[in-house]
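So the structure is just underneath, and the comments pick up after that.
Any read-out appearing in this document is the output of simple, stated calculations on the displayed coordinates, not a laboratory observation. Given the structure is predicted, the values throughout are model-derived calculations rather than measurements. A quick note on method: Cβ atoms are made from the backbone with ideal geometry, for glycine too, and the neighbour counts reach across all protein chains shown.
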Amino acid sequence: DVKVTQSSRYLVKRTGEKVFLECVQDMDHENMFWYRQDPGLGLRLIYFSYDVKMKEKGDIPEGYSVSREKKERFSLILESASTNQTSMYLCASSFDEPYEQYFGPGTRLTVT
Amino acid sequence: GDSVTQMEGPVTLSEEAFLTINCTYTATGYPSLFWYVQYPGEGLQLLLKATKADDKGSNKGFEATYRKETTSFHLEKGSVQVSDSAVYFCALTGYNNNDMRFGAGTRLTVKP
């Protein structure tokens, strides 16, 4: 079974803090993704990576950065957390083909 | 750009009722279509998929048929169970298969 793990299930941070969310997959997938999930908006892509050290902006990259130093690990960084970044963050990974994505359990981040 | 529209919820059904969740898409070319399910407190799991017109995806009693003429991929199940209570997401990958587009999600509650 594909396993995608995220470093925390719940996280509470203060405004202005730097926040790191980590994601690890064990299936040697080329592609990794970070989404945020908000009620009524579905999933919105923040960033994705198709190879080590490669990254592409998604629909809502502002206020976020990413790092992929190893194939199995993809980190999402909030440089200076703000209250509007309170959300559920989902990591996913996939092969190039087939394209279905496998998701981690999510991190619910609250910024106060 | 490519997009997915699915019926708004919430949907509440009695056990053993018939389920339909509508999903239509807009895409250039020939997308692959997916249904994901999210159980409470978990990440998304792939439920079924179809990669070309007239394909039928099926899993766990759920079915969906890729209808190019109506640009639809409606999810159906003949007899729902309480354990099917979850949020269901329709999704597609289009020209750039790393770019998966999700609907807003439909919350299903099944009552005994």
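So here's what we get for this one:
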| item | result |
| --- | --- |
| Loop-resident sites, the stretch A:1-89, for trypsin sites (Lys or Arg not before Pro), counting at most 16 other Cβ within 10 Å (DSSP) | A:3, A:9, A:14, A:18, A:53, A:71 |
| Over the protein assembly as shown: Rg over Rh, Cα atoms, Kirkwood Rh | 0.97 |
| A:99, A:47 arranged by Cβ crowding within 10 Å, fewest neighbours leading | A:99, A:47 |
| Net +/- balance of residues flanking residue B:79 in space, Cβ distance below 15 Å, scoring K and R +1, D and E -1 | -2 |
| Average projection area in nm² (convex hull over Cα atoms of chain B, one quarter of hull surface) | 6.5 nm² |
| Loop trypsin sites (Lys or Arg not before Pro), the stretch B:21-85 (other Cβ atoms within 10 Å of the site Cβ: 14 or fewer; DSSP) | B:52, B:60, B:68 |
| Inter-centroid distance (Cα atoms) of the stretch B:44-112 relative to the stretch A:83-112, Å | 19 Å |
| Neighbour cut-off at most 15 other Cβ (10 Å), DSSP loop, GluC sites (Glu not before Pro), the stretch B:33-112 | B:42, B:69 |
